[in-house]
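The values are calculated or read from the model by the stated rules, or taken from the named source; none is laboratory data. Small disclaimer: the values here were computed from a predicted structure and weren't measured. Please note: Cβ atoms are built from the backbone with ideal geometry, for glycine as well, and neighbour counts cover all protein chains shown. The area values use the complete protein model at the heavy-atom level, side chains included, leaving out ligands, DNA and RNA. Shrake-Rupley method; radii C 1.70, N 1.55, O 1.52, S 1.80 Å.
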Amino acid sequence: IAPEVMLGARLFPDMLPMIKQVQIATDHAKGAVARLAGAEVPRYEDSEQSFDELRARIDKKLAELR
């Protein structure tokens, strides 16, 4: 299966594509932690188009959480 097909796939018809699901999950994590810390919520561009870019976004968020 081509990567672009997987990245655009939906687990259920009313769900957003996989790329957007990862972006939303990382947005929730960064927002919750920033608000609890009383800090400004960082802004990410939602421009990921590949598995490598999504992994980089997740790794960036994990580093911030640590």
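General observations
- Boolean, Glu45 is under 14 Å from the mean Cα position of the chain (by Cα) and of a type in the set (Asp, Glu): yes
- Flag if Ala9 is in contact with a helix residue (DSSP H, G or I) (Cβ under 8 Å, 6 or more places away or on another chain), assigned to a helix (DSSP H, G or I) and hydrophobic (A, V, I, L, M, F, W, C): no
- When region 51-66 is limited to residues that are without any contact (Cβ under 8 Å) to a residue 24 or more places away in the chain and open to solvent by less than 70 Å² (accessible area, probe 1.4 Å), the one that is farthest from the chain's Cα centre (by Cα) turns out to be Ala63.
- Residues that are open to solvent by 80 Å² or more (accessible area, probe 1.4 Å) and either closer than 25 Å to Met15 by Cβ or among the hydrophobic types (A, V, I, L, M, F, W, C) (or both) within region 25-36 comprise His28, Leu36, listed in sequence order.
- Filter pass, Glu48 being among the acidic types (Asp, Glu), touching a residue at least 24 places away in the same chain (Cβ under 8 Å) and open to solvent by less than 70 Å² (accessible area, probe 1.4 Å): yes
- Looking across region 12-38 at every residue that is of a type in the set (D, E, K, R) and assigned to a helix (DSSP H, G or I), the one that is farthest from Ala56 (Cα to Cα) is identified as Arg35.
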